[in-house]
Amino acid sequence: MTDPWNHLMDHLSDLLAPSMAKDHPNLPVVKAEGCYYYGLDGRKYLDFTSGIATANTGHRHPKVIHAIKEAADHLMHGPSGVIMYESILRLAEELKTILPKGLDCFFFANSGTEAIEGAIKLAKHVTKRPYVVSFMGCFHGRSLGALSVTTSKSKYRKFLQPTGLVYQVPYANPTACPVHEDPAEYFKKKLENDFDILFNHQVTPEEVACMIIEPVLGEGGYIIPPKGWLEKIREVCDQHGILLIFDEVQTGFGRTGDWFASQTFGVTPDIMAIAKGIASGLPLSATVASKELMEKWPIGSHGTTFGGNPIACSAALATIEVLKEENLIANSKMMGDYATRKLTELKAQHPIIGSIRSVGLMIGIEIVDPDTGEPDGHTLLEILNKCLEKGVLFYLCGNSGEVIRMIPPLTVTKKEMDTGIQVLNEAIIEVGKTAHIQPTNS
Ligand SMILES: Cc1ncc(COP(=O)(O)O)c(C=O)c1O
């Protein structure tokens, strides 16, 4: 594949569905390694997207590549259910050691959205109840079941047939807390009130199979719930025999500074969906629950052709090994704290930065109109394009695309972090909507 393919980029929108082909920014890339993409233009780009929170071990980690090659030499395809192989069993054993206690039985699939489908289906099988509660602004995937609980953007839901089986409760956004209130107390009370409305007016709790939530709002804008809020949801679920599902597709595998956000927040769900960082970029996901719950899923009621692919499972085993050996979970926390300090300095200098929301290396930088404080997705795109010109790739999130996602691989060094933040600062200055002050170097 040495022929130049620049000309194909001119036909991108003819060749690929515009729903993807017009997404930001479609950087033509020929190779990736560690924290970097290598562009078709011969330039090297610092990657602060990790393939959307997936290349947690860095791109093409040698250990992961070695595991993939070894696996491909032996077995390329299962399917599990027809044959059985070592890597899938070893992976299940390994995952048990890093997941919260009690989450120890696995249904492997290929993508985040499939893991969500499995989670909801399992909850309905276990409880024999029809309804699902999800939280406003969450993103759970693009298949129709996952979409029915997704409300990060209404455009994703267009033409979704109303099923009437899902109810929505507001997510807690600490930036929306009244100034003189304590966010933890305020949102706890608000949640109680929201559940009162839900259960008294819309659906009886006895009919609810599960509540599904992202423990940190991802695509919806990197919103971190206040202390005690997830505990309250756990409490209400327990009170009514409702199963709690955590969507840890994006938060998992060290992103939040722990293996999983469940550990960061000290709340264990009944069912968890994991994907993205699990196999450093190979398609793999899992619906996870206790054996007790999984046993209530009748034989043959759920299945897969590709799920738990042997090569992907081997990549996942190597991924976990690398995350452990290289202390990448600790690095996620350390670099996340470091970046947050530096970004807070930037915020003090640039009124265009509305808020910084971070947990580990899951960092959101909100861009607002400095005069009105309103979200400003338009300026954000200008900033991201400037960053790209300067060789740093960022991605975005939020209902109107107003939040810069800073999600570098967990291997990111202090020097790379400094470069990324310095470029971001220059880009903000160049779009010219803020004071021209340089950040201090620390
Ligand atoms: C929290 C969350 N859940 C589910 C999904 C869907 O995952 P996939 O794109 O692998 O289907 C995503 C993808 O971004 C996600 O961030």
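Annotations
- The distance from the alpha carbon centre of region 234-281 to that of region 175-195 is 23 Å, rounded to a whole number.
- Considering only beta bridges that DSSP places wholly inside region 232-369, some 75 percent are antiparallel.
- Taking the average, over residues, of other Cβ atoms within 10 Å as the packing measure, peptides 180-191, 197-208, 414-425 rank 414-425, 180-191, 197-208 from highest down.
- The chain - convex hull of alpha carbons, volume per residue in Å³: 154
- Integer Hz, Karplus 6.51/-1.76/1.60 couplings in order for region 397-414, x for Gly and Pro: 7, x, 4, 10, x, 9, 10, 7, 8, 10, 9, x, x, 6, 7, 3, 9, 4
- Listed by chain and number, the aspartates and glutamates placed with their C-alpha closer than 16 angstrom to that of residue 96 are 86, 104, 248, 258, 270, 292, 321; residues fewer than eight positions away on the same chain are left out.
- Averaged over residues, the count of other Cβ atoms within 10 Å places the peptides 33-45, 57-69 in the sequence 57-69, 33-45, highest first.
- Nonlocal amide H pairs with residue 169, under 5 Å, H built at 1.01 Å: 134, 135, 136
- Each peptide in 255-267, 331-343 was scored by the mean count of other Cβ atoms within 10 Å over its residues; highest first, the order is 255-267, 331-343.
- For region 310-349, the average shadow cast by the Cα convex hull is 3.5 nm², which is a quarter of the hull's surface.
- Along region 233-250 the Karplus relation, 6.51 cos²θ - 1.76 cosθ + 1.60 evaluated at θ = phi - 60°, assigns HN-Hα couplings of 5, 4, 4, 5, 4, 4, 4, 10, x, 9, 7, 9, 10, 9, 8, 9, 4, 9 Hz to successive residues, with x for each Gly and Pro.
- Cα Rg, Dmax (largest Cα-Cα span) when computed across region 234-293, Å: 12.3, 39
- Restricting the trypsin sites (Lys or Arg not before Pro) of region 80-114 to loop positions (DSSP other than H, G, I, E, B) with no more than 16 neighbouring Cβ atoms within 10 Å leaves 101.
- Scaled radius of gyration (Cα, divided by 2.2 N^0.38 Å) that region 138-236 gives: 1.13
- Across q = 0.14, 0.15, 0.18, 0.20 Å⁻¹, region 194-284 modelled as identical point scatterers on its alpha-carbon atoms has Debye log10 I(q)/I(0) values of -0.54, -0.61, -0.83, -0.97, in the order of the q list.
- Largest-first principal axis extents, alpha carbons of region 326-395, Å: 43, 25, 17
- Amide H contacts for residue 402 (H built 1.01 Å from N in the peptide plane; partners 5 or more residues away or on another chain; cut-off under 5 Å): 397.
- Remark: region 73-192 projects, on average over all directions, an area of 11.7 nm² (convex hull of Cα atoms).
- Antiparallel DSSP beta bridges within the chain, as percent of all bridges there, nearest 5: 65
- With θ taken as phi - 60° and the Karplus curve 6.51 cos²θ - 1.76 cosθ + 1.60 applied, the whole-hertz 3J(HN,Hα) list for region 268-280 is 9, x, 7, 9, 10, 10, 10, 6, 5, x, 4, 10, 6 Hz, x standing for glycine and proline.
- Residues whose placed amide H lies under 5 Å from that of residue 40, excluding near-sequence neighbours: 29, 30
- Point-charge dipole on Cβ atoms (K/R +1, D/E -1) for the chain, about Cα centre, debye to 20: 280
- Size descriptor, Kirkwood hydrodynamic radius, that averages inverse alpha-carbon separations across region 220-332, Å: 15.7
Throughout, read-outs are computed from the coordinates displayed, never taken from laboratory work. Since the structure is predicted, the reported quantities are computational estimates derived from the model, not experimental observations. So basically every Cβ, Gly included, is an ideal-geometry build from the backbone, and we count neighbours across all protein chains shown.
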